[in-house]
Amino acid sequence: MSHRKINLSRKTLLLGVCGSGALLLSACSTVGDVWDYATTGSDSSLRTPTGYYDHTSSQELQDPLVVPSGLSNPYTDHAFDVPNQAVTDQSRSLVGEAMDVRPPVVSQVGESGIEIMNQGTDALVWFLPYNKFNVHTVNDAWTVLGLALDYMKVPVAESNPASFAVATAPAWYAPDGSLYSTINEDFESPRYNQVFRINVGTSAQGVVGYSVSLVSSSPDEDDKRAVAVLNPRQQSSFTLGFANSIIKALVQQQAQDEVVPDVVNVFLGRDNNDQDALFVNAPYQATWNVMRGLLSQYGFTVEEYSVSSSSINVTYDERDPEEYRSMGLQPFNLTSGDYIVRLGVSGNQTVITFYDEDDRPLTGSAVATLYQGMSQAIVREFEVYKREGASYLAKFSE
């Protein structure tokens, strides 16, 4: 490390600072050290052990938290405990530049109460006691695993409920461990034909979870970027990515709330502001996802959307009415321009209100004309949404 030379007046200032008791700097152990630093650019004083190791005699005390009788002990999360490391001759010499001061690496715990980590080349998924999926037994974990794999459209070659083990059928996967999609294809991502094995069990502490292993992997022979033989780090990346995909599917399922009716109906009505709007008998989150997909496919360009304000800013390019009719839809009969689409909730229904570029609601006649084609498109996209599950959402993810 090089240091810029400083002039004599700055040296004097340094001496004054380090000589002042009120401004004494811990790095300035002696005036001589500072003078050497200022004149020679050497910071060897910062590389010298101080000899003060009082912290090495510290002891871990018993948890002072006492739970009153009659109450159950609260759950204690040990994920961020500092590991106990024995002092060695090598560690005693790790001072200055040789010292590694990074904190211990621990996996991140999400709001869902799930902990995902690597163990060797495998990935471990733990459902912590406060997880939002209500998974507390091996049977619970087995049930939601099946739901997640179905939702992800992952082909299953073998399922053994007796041993709580699943082996997937060969399928193409992207480098992040997710099923290869059209988005990966558009970005020309390398793909791998892989088989995973998932075992359900419990830890020594009784926490329920999954163990994800990569059984086999072979690259696309026509893709020169794909690695023929995965090293341990790459194997770990695939298993961790596949584990993340399972939990992501569970989160998306829960967001969708799985109460989308078999038959989705759209009808005209007036929202709480007495403005003409479209009403959909489906959950808000599902309708939001469907509208993001619908608008992108039927002549609208999504310029911006805001989850917090439940609005989507779009630009509409008017199409030939026959183009809509060829798709089995009535024309939208909207003029080209900028629009704002807002979603709201009214009881068990989702309300969709259209505004022009000046943020004024469309007239009743304009909404009635739009309704014919838009309602048909919404019903059609809900059918795709329910059929594709997580794959539908992935097409419009950020």
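The values are calculated or read from the model by the stated rules, or taken from the named source; none is laboratory data. Keep in mind the model is a prediction, meaning the values are calculated, not measured. Here the Cβ is made from the backbone with ideal geometry for all residues, glycine too, and neighbour counts use every protein chain on show. The accessibility values were calculated without ligands, DNA or RNA, using every heavy atom of the protein model including side chains. Shrake-Rupley method; radii C 1.70, N 1.55, O 1.52, S 1.80 Å.
Any residue at all in region 360-377 that is aliphatic (A, V, I, L, M), under 30 Å from Tyr151 (Cα atoms), in contact (Cβ under 8 Å) with a residue 40 or more places away in the chain and open to solvent by 50 Å² or more (accessible area, probe 1.4 Å)?
Taking region 360-377 first, the residues aliphatic (A, V, I, L, M) are 362, 366-368, 370, 374, 377.
Filter once more, keeping what is under 30 Å from Tyr151 (Cα atoms): 374, 377.
Checking the rest, the ones that are also in contact (Cβ under 8 Å) with a residue 40 or more places away in the chain come to 374, 377.
The next check asks that each one be open to solvent by 50 Å² or more (accessible area, probe 1.4 Å); those that pass are none.
No, the conditions are met nowhere in region 360-377.
What number of residues within region 207-224 satisfy the criterion of being not hydroxyl-bearing (Ser, Thr, Tyr) and not in a loop (DSSP other than H, G, I, E, B)?
Going residue by residue through region 207-224, those that are not hydroxyl-bearing (Ser, Thr, Tyr) are 207-209, 212, 214-215, 219-224.
Those still in the list that are not in a loop (DSSP other than H, G, I, E, B) too: 208-209, 212, 214-215, 219.
Summing the residues that are not hydroxyl-bearing (Ser, Thr, Tyr) and not in a loop (DSSP other than H, G, I, E, B) in region 207-224 gives 6.
Find the residue count for region 203-218, including only residues that are closer than 17 Å to Asn131 by Cα and either more than 23 Å from the chain's Cα centre (by Cα) or not small (Gly, Ala, Ser) (or both).
From region 203-218, those closer than 17 Å to Asn131 by Cα are 203, 205-210; that's our starting set.
After this cut, where a residue has to be either more than 23 Å from the chain's Cα centre (by Cα) or not small (Gly, Ala, Ser) (or both) as well, the list is 203, 205-208, 210.
Residues flagged as closer than 17 Å to Asn131 by Cα and either more than 23 Å from the chain's Cα centre (by Cα) or not small (Gly, Ala, Ser) (or both) within region 203-218 amount to 6.
Of the conditions (1) over 24 Å from Arg270 (Cβ atoms); (2) among the β-branched types (Val, Ile, Thr); (3) open to solvent by less than 30 Å² (accessible area, probe 1.4 Å); (4) more than 25 Å from the chain's Cα centre (by Cα), Val384 clears all except one; give me its number.
The single condition Val384 does not satisfy is (4).
Return the only residue of Val379, Val351 being in contact with a Lys or Arg (Cβ under 9 Å, 6 or more places away or on another chain) and either at pLDDT 95 or above or within 19 Å of Asn265 (Cα to Cα) (or both). Explain how you work it out, then say what you get.
Details: Val379 fails: in contact with a Lys or Arg (Cβ under 9 Å, 6 or more places away or on another chain).
So the residue among Val379, Val351 that is in contact with a Lys or Arg (Cβ under 9 Å, 6 or more places away or on another chain) and either at pLDDT 95 or above or within 19 Å of Asn265 (Cα to Cα) (or both) is Val351.
Taking the conditions exactly as written (of a type in the set (Gly, Ala, Ser), farther than 25 Å from Tyr151 by Cα and open to solvent by 40 Å² or more (accessible area, probe 1.4 Å)), does Ala228 satisfy them or not?
Working: of a type in the set (Gly, Ala, Ser): yes; farther than 25 Å from Tyr151 by Cα: yes; open to solvent by 40 Å² or more (accessible area, probe 1.4 Å): yes.
So Ala228 fits the description; yes.
For Asp257, state whether it is farther than 22 Å from Glu388 by Cβ and at pLDDT below 90. Spell out how you get there, then give the answer.
Numbers: farther than 22 Å from Glu388 by Cβ: no; at pLDDT below 90: yes.
Answer is no for this residue.
All but one of (1) modelled with pLDDT under 90; (2) more than 21 Å from Tyr392 (Cβ to Cβ); (3) charged (D, E, K, R); (4) not in a loop (DSSP other than H, G, I, E, B) hold for Asp140; state the number of the condition that does not hold.
(1)
What are the residues in region 178-208 that are in contact with a helix residue (DSSP H, G or I) (Cβ under 7 Å, 6 or more places away or on another chain) and closer than 21 Å to Trp142 by Cβ, if any?
Phe196, Ile198, Val200, Gly201, Thr202, Val208
Within region 159-173, restricting attention to residues that are hydrophobic (A, V, I, L, M, F, W, C) and open to solvent by 70 Å² or more (accessible area, probe 1.4 Å), which residue is farthest from Val208 (Cα to Cα)? Reasoning before the result, please.
At the first step, the residues of region 159-173 found to be hydrophobic (A, V, I, L, M, F, W, C) are 162, 164-167, 169, 171-172.
Add one more test, that the residue is open to solvent by 70 Å² or more (accessible area, probe 1.4 Å), and what stays is 162, 172.
Working: Ala162: 16, Trp172: 29 Å.
Filtering first and then ranking leaves Trp172.
For region 336-359, which residues satisfy the criterion of being among the β-branched types (Val, Ile, Thr) and open to solvent by 60 Å² or more (accessible area, probe 1.4 Å)? Show your work before the answer.
As a first pass, look at region 336-359 and keep what is among the β-branched types (Val, Ile, Thr): 340-341, 345, 350-353.
Hit for region 336-359 is Val345, nothing else.
Only residues that are assigned to a loop (DSSP other than H, G, I, E, B) and open to solvent by 80 Å² or more (accessible area, probe 1.4 Å): list them for region 174-205, please. First the steps, then the outcome.
Narrowing region 174-205 to residues assigned to a loop (DSSP other than H, G, I, E, B): 174-178, 180-181, 187-191, 203-205.
Passing the criteria: Asp176, Phe187, Glu188, Ala204, Gln205.
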